[in-house]
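This report concerns only the one structure given below.
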Amino acid sequence: MNYKEELEKILKKSGATKVGFGYLGDVLPEELKHLKTGISIAIRLSDQVISDIDEEPTHVYFHHYRTVNFRLDQIMLEAVLKLQEWGFLAMPVAASQSINVDGNKYKGVFQHRTAATRAGIGWIGKSGCLVTEEFGPRVRLGTILTNLEVKYDKPIEKSKCGSCIECMKACPALAIKGVLWYPGIKREELIDVQACSEHMSNFYHHIGRGSVCGICIKVCPIGSKVIKR
């Protein structure tokens, strides 16, 4: 059986827009290194919802963001169950989950964006968001870690943002530093995570618990160029 081909069919039938397979053995924490294959899944966000964001996120965007995250978790669960049925180990990394690991900083179990670049889904933009060729940053991501070995997709190792600083100019928190991404760069060199988080908490709390922004996603020219009026 061609497991890679079968998994891609299952994932896309369930709603994934893009699927990629990447090697993560050299970047996983020690306790997860046996799950060296990362399956990266992207779902395209609604262009209408993103386009309606203006000076602040909308209630519709907040709900859409959470709905797509839930859908990603369901898609990953289906694939994990199939992998286990085939006799492999598999672990889904929640689409949106922050874990307090040291009493101060919150982070995920593993970085979806790292998995996505390794799987050829896209590169990381100056905003810190994953940017795809087709939809810009108008996607949400999920990751499955597994010990299934496949022929890996070609990783993306170079930013295509060039001299563009539209996201930097639009960021209301002044959190984006305008630096080009490269593999291994620390997130703090791209964006001021604390400034971004504090701005959302201070100004968008009325939108909903666990506030989101989306302004940098809306203004990215790569994402907006695909919209048909």
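Only the coordinates and a few stated rules stand behind these numbers; no lab work does. Only a predicted model underlies this, so the values are computations on that prediction, with no experimental measurement involved. No Cβ is skipped: glycine too gets one built from the backbone with ideal geometry, and neighbour counts run over all protein chains shown.
Structural remarks
- Simple spin-label estimate for SER197 and LEU174 in nanometres, 7 Å along Cα-Cβ: 2.1 nm
- Ratio of the Cα radius of gyration of the stretch 1-93 to 2.2 N^0.38 Å, where N counts its residues: 1.29
- Calculated from backbone phi, Karplus (6.51, -1.76, 1.60) coupling profile of the stretch 211-224 in Hz, x at Gly/Pro: 4, 10, 10, x, 5, 5, 5, 4, 7, 4, x, 5, x, 6
- Phi-based couplings in Hz for the stretch 138-146 (Karplus 6.51, -1.76, 1.60; Gly and Pro marked x): 7, 9, 10, 10, x, 9, 10, 9, 8
- A DSSP coil position with no more than 10 other Cβ atoms inside 10 Å describes none of the chymotrypsin sites (Phe, Trp or Tyr not before Pro) in the stretch 151-229.
- Per residue, the chain reaches -9500 deg cm²/dmol at 222 nm when only DSSP H runs of four or more residues are counted, each adding -39500 (n - 2.57).
- With neighbour counts taken as other beta-carbon atoms within 10 Å, the residues TYR3, TYR61 rank, fewest first, as TYR3, TYR61.
- In the stretch 1-79, the GluC sites (Glu not before Pro) that fall in loop regions by DSSP, at most 16 other Cβ within 10 Å: GLU55
- Rounded, prolate or oblate (a/c below 1.5 giving rounded, otherwise prolate when a/b exceeds b/c) for the stretch 1-46 by Cα gyration tensor: oblate
- Hydrodynamic radius (Kirkwood) for the chain, which is based on Cα pairs only, to one decimal in Å: 18.1 Å
- Entries in LYS9/LYS186; LYS33/LYS154; LYS158/LYS218; LYS151/LYS218; LYS4/LYS33 that, when Cα-Cα distance is taken, lie over 24 Å: LYS9/LYS186; LYS151/LYS218
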